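Take a look at the structure below.
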Amino acid sequence: MNKKLLIIDANSLLNRVFYALPPMNTRDGRHTNAIYGLSVILLKIVKEFNPRYIAAAFDKKAPTFRHIEFEEYKAGRKKMPDELSQQFPIAKELLKAFNVGIYEIEGYEADDIIGTISKKFEEQGYEILILTGDKDSLQLVSNNTKVMITKKGITDLEIYDVEHIKQKYGLEPIKIIDLKGLMGDSSDNIPGVPGIGEKTAIKLLMEFGSIENIYENLDNITAKKVKENLISYKESAFLSKKLATINRDVPIDFELNEMDIQNCDFTEVRRIFEELEFKSLLSKLPNKEEAKCEQDIVENEEEIELKFDITQLKEKIKDKNEISLYYSKKDGVIVFEDGYAIKENDVKELKYIFEDINIKKNTYDAKSVYNLLNKNDIKFNGLKNDLGLILYLLNPTEDFSSNEEVISQLINQKTITIKSIALFVNNMNRIIEEKVKTIREYSLEKLLYEVEIPLIEVLSSMEYHGFKVNKEVLHQIGFKITEEIDKLTSEIYDIAGEEFNINSPKQLGVILFEKLNLPVIKKTKTGYSTNAEVLEELKDKHEIVSKIITYRQLVKLKTTYIDGLINAIQNDGKIHSSFNQMVTATGRISSTEPNLQNIPIKLEQGREIRRAFEAENNDFVILTADYSQIELRVLAHISGDENLIQSFIRGEDIHKRTASEVFNVPIEEVTPLQRSRAKAINFGIVYGLSDFGLAQDLKITRKEAKEYIDNYFKRYTGVRKYLDDVINQAKSNGYVKTIMNRIRFIPEINSSNRNVKMLGERLAMNTPIQGSAADIIKIAMVNVYNRLKQGNYKSKLILQVHDELVLEVHKDELDDIKNIVKNEMEKAVELKVPLVVDIKWAENWYNAK
């Protein structure tokens with residue numbers, strides 16, 4: 001029989017993980033980080049130590065015998081924050097679902113309950129594990145009892161047995177009480193004896209054994225000050241020992257069946273995890289019911305024998321007007337309903353089904369299907385639903401990068417096999433129907449069916465077509481950058497007076513702060529910080545700093561971009577980036593493998609990289625179409641600010657106009673510096689720019705910065721009202737929306753932590769602007785793609801970078817394509833201000849900018 005009992009010091013542990021983990025919230029704003037941390041630790045302990053029984057001891061708010069004995073006991077402790085106290089009832093609910101025994105009693109602390117439980121079951125031969133966040137329970141360690149204390153983070157545990165305590169303190173565990181009596185405990189406000197720290201206390205106890213024996217042998221203590229303090233604070237020493245002693249005879253009843261986790265209510269645990277949005281923990285539930293559940297799934301899988309029979313599959317689909325399927329890239333298999341499957345190299349056998357627009361298709365990760373079919377010259381028509389996109393629109397801050405992880409959560413299964421994928425496909429329609437109800441609740445149908453789903457085909461086409469890259473040009477640029485790096489390296493060595501590893505923060509720190517005596521801005525655990533922020537602050541202090549900044553930028557250009565891009569060129573001479581639709585919280589498309597949206601263009605050497613991106617051959621040119629100030633135009637539309645709207649309608653230089661208003665000068669007299677500052681204000685306002693932030697950006701005083709911002713809002717009162725309104729809406733609803741109703745949940749906005757709350761407010765202000773800009777360019781992409789497809793043009797859309805579309809255009813079609821792109825982009829949505837698109841073209845991407 002398993003006679004292993006785990007006792008959790010619940011108050012201590014919840015407090016420890018609350019401060020160890022960043023704030024976490026559900027979509028409706030409930031705080032969950034302490035419960036999450038408790039769950040992670042509990043699951044880890046159960047898996048690693050396999051206890052049969054678990055008890056959790058809680059403190060009651062009522063005073064204990066220690067408070068009565070010593071009024072100052074635990075005085076000065078900060079009040080428990082609301083974000084933590086609100087989590088206790090749910091934590092108890094979760095522990096009850098695990099069938100963990102919950103024990104608390106007025107007049108006693110959790111430590112006393114732990115001591116009482118451990119004593120009772122130690123005597124009955126049980127192996128006891130105590131899990132806590134502090135060292136109060138070390139006195140309970142025995143041959144049958146170990147204490148596990150959370151160290152750094154939440155899952156790193158230090159295990160104390162008798163031997164470990166002897167090694168660490170040179171004392172028997174029971175003597176930890178005397179140790180606390182002498183040295184005190186500031187966390188509990190136990191006074192101890194002033195002037196006696198841990199080292200002195202251990203030395204005294206190793207010599208005399210106990211506080212009582214120390215006082216019987218005061219004449220044998222040679223250290224004068226120690227002896228004087230012991231005499232002066234004798235009462236404090238004995239009181240402190242009494243306060244530190246755990247009472248192991250608390251009048252409380254407990255039975256083993258109350259804490260037998262074999263009686264865990266698996267369904268209730270899963271419900272709580274789902275309600276708290278602990279998706280990553282759902283597959284880690286270790287108990288009897290889980291094993292039963294796994295067995296049920298296996299039985300279901302065995303009923304679904306995979307059938308690789310194309311003839312039967314064709315017959316099965318023949319009369320259907322809607323089918324579900326999933327392409328498992330790992331297995332190289334497409335799975336259909338009822339266990340039918342085909343190998344990926346047999347897709348041509350079903351070409352007519354994939355291309356039949358009247359057979360509607362439901363899937364998860366439709367882009368992978370498009371990509372497979374594109375390679376086989378097959379069109380994928382009739383896509384109705386992509387479950388991945390549906391989940392993303394409902395939870396845009398979730399990570400949907402791992403298909404299998406999401407599928408495992410959807411069908412409550414730890415590991416995904418090809419049979420469990422068949423089980424998932426059989427349940428896909430039911431899951432989609434359920435999720436589409438929520439899509440309707442949030443009015444997301446138009447965004448889903450008219451923008452996001454049509455966009456999948458566009459992105460797949462861009463990935464398939466790729467962008468030709470001239471490797472020789474990249475090598476030339478790389479060679480020039482290497483020469484500049486070598487030159488800079490020599491200059492840095494000359495200034496420093498010695499050679500060192502510029503890439504080593506440690507060696508660089510020594511040069512900057514010890515040899516050159518520059519002011520230390522920030523320290524790390526291993527020495528001086530030399531990060532970008534620190535170097536930027538030191539830039540004006542010494543000539544070496546700007547050279548180091550440039551050196552770093554060039555090294556990154558060479559290694560990350562030049563070398564990285566060369567390695568990414570495929571056999572057809574092109575780079576085929578992946579365009580991700582389900583990554584960013586704002587709805588922006590991202591690019592990976594490699595990231596073509598992030599090529600740095602602030603440095604001329606970075607801009608030069610775009611020279612290598614060329615048209616496929618001399619019959620084509622590269623065309624770029626860039627929205628002008630789209631976020632500010634969206635701001636004008638959403639805020640309804642008349643001054644901003646009129647400025648855009650009149651076609652004014654918006655930064656000059658803002659400079660004129662903020663600095664109170666005629667628009668024709670605005671200086672380049674004033675325009676530059678106004679530009680920083682314009683783009684900073686929707687990011688919650690503070691006077692402190694603006695002062696840092698513009699290198700001006702906070703007073704000046706505040707004056708600029710105040711003047712801005714005096715002129716653009718509609719913007720001020722919009723920002724206030726959107727923050728209030730986010731606080732009330734828990735989320736914000738874009739012009740296409742794209743939602744983003746912002747639980748941070750209701751945090752009582754000022755920094756977290758301010759982050760939430762910035763997200764509330766910016767997300768509708770950035771998200772609406774994302775909506776607009778996605779609509780434009782779909783419309784441009786459809787026009788090119790309908791007109792059977794040779795020209796292709798090949799890249800999207802922020803507010804810019806890049807096309808490879810056949811020279812014979814240039815006039816048509818210019819008009820199509822400009823028209824579709826500027827008419828993508830109807831705003832209160834005009835959308836303006838700048839179009840350029842050339843033989844490569846650099847010259848087309």
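When Ile453 is tested against (1) among the β-branched types (Val, Ile, Thr); (2) exposed (fewer than 14 other Cβ atoms within 10 Å of the Cβ); (3) touching a residue at least 60 places away in the same chain (Cβ under 8 Å), exactly one condition is not met: (2). For Thr397, the test of being in contact with a helix residue (DSSP H, G or I) (Cβ under 8 Å, 6 or more places away or on another chain), exposed (fewer than 15 other Cβ atoms within 10 Å of the Cβ) and assigned by TED's automatic domain parsing to the domain that holds Ala366 is failed.
Of all residues in the range 576-634, those that are under 12 Å from Leu799 (Cα atoms) and touching a Pro at 6+ places or on another chain (Cβ under 7 Å) total 1. When Leu205 is tested against (1) outside the structural domain of Asp260 (by TED's automatic domain parsing); (2) touching a residue at least 40 places away in the same chain (Cβ under 8 Å), only condition (2) is not met. Counting the residues of the range 344-372 that are of a type outside the set (A, V, I, L, M, F, W, C) and not in a helix (DSSP H, G or I) gives 8. Scanning the range 329-369 for residues that are under 32 Å from the mean Cα position of the chain (by Cα) and on the phi > 0 side of the Ramachandran plot returns Gly332, Asp365. Given the condition of a type in the set (Phe, Trp, Tyr) and out of contact with any helix residue (DSSP H, G or I) (no Cβ under 8 Å at 6 or more places or on another chain), answer yes or no: does some residue in the range 491-498 qualify? So far as the range 491-498 goes, yes, one or more of its residues are of a type in the set (Phe, Trp, Tyr) and out of contact with any helix residue (DSSP H, G or I) (no Cβ under 8 Å at 6 or more places or on another chain). Kindly indicate whether Arg744 is in contact with a strand residue (DSSP E or B) (Cβ under 7 Å, 6 or more places away or on another chain), in the same structural domain as Phe648 (by TED's automatic domain parsing) and not in a loop (DSSP other than H, G, I, E, B). Yes: the conditions hold for Arg744.
Criterion first (in contact with a strand residue (DSSP E or B) (Cβ under 6 Å, 6 or more places away or on another chain) and surrounded by fewer than 19 Cβ atoms within 10 Å (Cβ to Cβ)) does Arg552 satisfy it? Judged against the criteria, Arg552 is not a match.
Just one residue in the set Glu258, Glu198 is over 26 Å from Glu106 (Cβ atoms) and either touching a strand residue (DSSP E or B) at 6+ places or on another chain (Cβ under 7 Å) or outside the structural domain of Tyr126 (by TED's automatic domain parsing) (or both); that residue is Glu198. Restricting attention to the range 184-207, the residues that are modelled with pLDDT under 85 and hydroxyl-bearing (Ser, Thr, Tyr) total 2. The set of residues from the range 437-481 being of a type outside the set (Gly, Ala, Ser), assigned to a loop (DSSP other than H, G, I, E, B) and either at pLDDT 95 or above or at positive phi (or both) comprises Leu444, Asn470.
Among the residues of the range 702-722, those identified as touching a residue at least 60 places away in the same chain (Cβ under 8 Å) and either closer than 15 Å to Pro768 by Cβ or not hydroxyl-bearing (Ser, Thr, Tyr) (or both) are Arg715, Gly718, Val719, Lys721, Tyr722.
Conditions tested, residue by residue: (1) in contact (Cβ under 8 Å) with a residue 60 or more places away in the chain; (2) among the hydroxyl-bearing types (Ser, Thr, Tyr).
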| position | (1), (2) |
| --- | --- |
| Thr222 | no, yes |
| Val226 | no, no |
| Leu230 | no, no |
| Ala237 | no, no |
| Val250 | yes, no |
| Asp260 | yes, no |
| Asn263 | yes, no |
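Taking the criterion of being more than 16 Å from Ile432 (Cα to Cα), within 28 Å of the chain's Cα centre (by Cα) and surrounded by 18 or more Cβ atoms within 10 Å (Cβ to Cβ), the residues of the range 402-422 that qualify are Gln413, Ile416.
Do we find that Asp626 is in contact with an Asp or Glu (Cβ under 9 Å, 6 or more places away or on another chain), modelled with pLDDT of 95 or more and exposed (fewer than 15 other Cβ atoms within 10 Å of the Cβ) in this structure? In short, no.
Val806 meets the stated requirement of being buried (at least 16 other Cβ atoms within 10 Å of the Cβ), at pLDDT 95 or above and within 28 Å of Thr586 (Cβ to Cβ). Entry remark, the range 785-797: residues being touching a strand residue (DSSP E or B) at 6+ places or on another chain (Cβ under 6 Å) and either polar (S, T, N, Q) or closer than 18 Å to Pro454 by Cβ (or both) number 4 in total.
In the range 31-56, the residues that are under 16 Å from Asp9 (Cβ atoms) reach residues that are among the basic types (Lys, Arg) and modelled with pLDDT of 90 or more with C-beta atoms within less than 9 angstrom, at least six apart or across chains, in these pairs: Ala56/Lys92. The condition of being closer than 27 Å to Lys227 by Cα and either touching a residue at least 12 places away in the same chain (Cβ under 8 Å) or touching a helix residue (DSSP H, G or I) at 6+ places or on another chain (Cβ under 7 Å) (or both) holds for only one of Leu182, Leu131, Leu140, that being Leu182. Taken together, the residues in the range 11-54 that are part of a helix (DSSP H, G or I) and β-branched (Val, Ile, Thr) amount to 6.
Here's the yes/no breakdown for (1) in contact (Cβ under 8 Å) with a residue 24 or more places away in the chain; (2) over 25 Å from Phe620 (Cβ atoms); (3) basic (Lys, Arg):
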site	(1), (2), (3)
Asn766	yes, yes, no
Asp803	yes, no, no
Asp816	yes, no, no
Glu826	no, no, no
Leu835	yes, yes, no
Asn847	yes, no, no
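Annotation note: of Thr530, Thr584, the sole residue that is closer than 30 Å to Val406 by Cα and in a loop (DSSP other than H, G, I, E, B) is Thr584.
All conditions in (1) β-branched (Val, Ile, Thr); (2) surrounded by fewer than 19 Cβ atoms within 10 Å (Cβ to Cβ); (3) within 27 Å of Pro22 (Cβ to Cβ) hold for Ile174, with the sole exception of (3). Gly693 falls short on exactly one of the conditions (1) out of contact with any Pro (no Cβ under 9 Å at 6 or more places or on another chain); (2) farther than 30 Å from Gly466 by Cβ; (3) buried (at least 18 other Cβ atoms within 10 Å of the Cβ), and that condition is (3). Filtering the range 742-758 for residues that are closer than 25 Å to Ser577 by Cα and among the acidic types (Asp, Glu) leaves an empty set.
The values are calculated or read from the model by the stated rules, or taken from the named source; none is laboratory data. Predicted model only: the values in this text are computed from it and were never measured. Heads up, the Cβs are rebuilt from the backbone with ideal geometry, glycines too, and the neighbour counts pull from every protein chain shown.
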